[in-house]
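Written below as structure tokens is the structure these notes are about.
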Amino acid sequence: MGSEIVRALKGVSFTVEQGEFVTIMGSSGSGKTTLLNILGCLDKPTSGDYILDDVSIKKLSRNELARLRNKKIGFVFQAYNLLARTTARENVELPLLYNSSITLKERHERSMKALASVKLEDRVGHLPNQLSGGQQQRVAIARALVNEPVMILADEATGNLDSRTSYEIMSLMQELNQQQGKTIVFVTHEPDIAAFSNRTITLKDGKVIKDTKNENVRSAKDMLMSLPTNDDY
């Protein structure tokens with residue numbers, strides 16, 4: 001910025017092991033977005049290195065980074081990022097279109113399996129505007145799963161959702177992590193959402209100020225069941 005150098009991240013170093021469920025927290029301006037872009041292979045750090053599944057991204061070209069992203073990372077965004085005129089199944093199939101070795105039949109099978117894993121088998125032909133916010137986020141999670149990535153990277157994935165739907169999504173995330181062994185890195189600014197993960201990394205002014213194991217991991221499923229229903233009113 002002019003003659004001033006702003007370092008978004010400074011000396012950040014941590015390891016995420018296979019099968020971990022990690023949340024990354026920090027206030028606005030703490031460096032979360034920059035870190036997220038590096039973890040997602042959208043940006044490269046100006047110094048240091050990022051190794052994803054034994055691959056160093058330091059010397060990769062833009063095309064190589066794009067291939068690595070498509071193969072190794074499943075993205076889930078706050079705004080869902082679904083194509084409006086495209087069915088749930090077709091939205092889920094999108095990442096597979098970039099892999100010419102996958103046949104049409106296999107695309108269909110893998111997308112149906114991914115939708116089944118998020119319990120949306122009965123919504124495969126629905127357009128996004130025919131789905132609730134929570135269902136749209138489930139489609140986005142199915143899309144993130146369809147390429148069988150090594151890591152799911154979620155950016156404020158419950159930010160647009162009410163409490164009940166947030167707990168539904170976090171219950172699904174816990175299920176994917178605990179029952180299917182998926183590695184999840186979940187960026188959030190909400191402490192109650194971070195409490196559903198096994199570990200929380202906190203950023204401030206571009207530095208890791210805390211990296212703690214969550215001793216009392218809350219069950220999103222239990223939280224969901226404790227909420228009042230319409231019958232309670």
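Contact annotation: residue pairs with Cβ atoms under 6 Å, 6 or more positions apart or on different chains, pairing a residue in the stretch 51-66 that is at positive phi with a partner that is among the hydrophobic types (A, V, I, L, M, F, W, C), are D53/V150. For the stretch 197-217, a residue qualifies if it is under 12 Å from T23 (Cβ atoms) and surrounded by 17 or more Cβ atoms within 10 Å (Cβ to Cβ), and the qualifying residues are S197, N198, R199, T200, I201, T202, L203.
Just checking, does the stretch 42-51 include any residue being of a type in the set (A, V, I, L, M, F, W, C), touching a Leu at 6+ places or on another chain (Cβ under 6 Å) and within 20 Å of K182 (Cα to Cα)? Taking every residue of the stretch 42-51 in turn, none turns out to be of a type in the set (A, V, I, L, M, F, W, C), touching a Leu at 6+ places or on another chain (Cβ under 6 Å) and within 20 Å of K182 (Cα to Cα). Can you tell me which residues in the stretch 44-74 are closer than 19 Å to T34 by Cβ, surrounded by 15 or more Cβ atoms within 10 Å (Cβ to Cβ) and either of a type in the set (D, E, K, R) or touching a strand residue (DSSP E or B) at 6+ places or on another chain (Cβ under 9 Å) (or both)? Once the filter is applied, which keeps residues that are closer than 19 Å to T34 by Cβ, surrounded by 15 or more Cβ atoms within 10 Å (Cβ to Cβ) and either of a type in the set (D, E, K, R) or touching a strand residue (DSSP E or B) at 6+ places or on another chain (Cβ under 9 Å) (or both), the stretch 44-74 yields K44, Y50, L52, I57, L68, R69, I73.
Being of a type in the set (G, A, S) and either within 23 Å of N37 (Cα to Cα) or assigned to a helix (DSSP H, G or I) (or both) is the filter here, so list the residues in the stretch 169-187 that pass it. Residue satisfying the conditions is S171 alone.
When A116 is tested against (1) under 16 Å from Q180 (Cβ atoms); (2) buried (at least 17 other Cβ atoms within 10 Å of the Cβ), only condition (2) is not met. Here the stretch 44-60 is the region considered, the condition is being assigned to a strand (DSSP E or B) and of a type in the set (A, V, I, L, M, F, W, C), and the residue that is farthest from the chain's Cα centre (by Cα) is V55.
Restricting the first member to the stretch 104-119 and to residues that are among the hydroxyl-bearing types (S, T, Y), and the second to residues that are part of a helix (DSSP H, G or I) and modelled with pLDDT of 90 or more, the beta-carbon pairs closer than 7 Å and six or more apart or on different chains are S111/R89; S111/V92; S111/E93; S117/A142; S117/L145. Note on the stretch 150-168: among residues that are in a helix (DSSP H, G or I) and free of Cβ contacts under 8 Å to residues at least 40 places away in the same chain, the one that is nearest to D211 (Cα to Cα) is S166. Pairing residues of the stretch 174-189 that are modelled with pLDDT under 90 with residues that are among the hydrophobic types (A, V, I, L, M, F, W, C), at Cβ distances under 8 Å and at least 6 apart in sequence or on separate chains, gives H189/M25. Please determine whether any residue of the stretch 2-15 is in a strand (DSSP E or B), modelled with pLDDT of 90 or more and closer than 22 Å to M173 by Cα. Scanning the stretch 2-15, I find no residue that is in a strand (DSSP E or B), modelled with pLDDT of 90 or more and closer than 22 Å to M173 by Cα, so the answer is no.
Looking across the stretch 78-103, the residues that are under 20 Å from A154 (Cβ atoms), surrounded by fewer than 20 Cβ atoms within 10 Å (Cβ to Cβ) and without any contact (Cβ under 8 Å) to a residue 60 or more places away in the chain come down to N81, L83, L94.
The values are calculated or read from the model by the stated rules, or taken from the named source; none is laboratory data. Given the structure is predicted, the values throughout are model-derived calculations rather than measurements. Every residue, glycine as well, gets a Cβ built from its backbone with ideal geometry; the counts of neighbours run over all protein chains shown.
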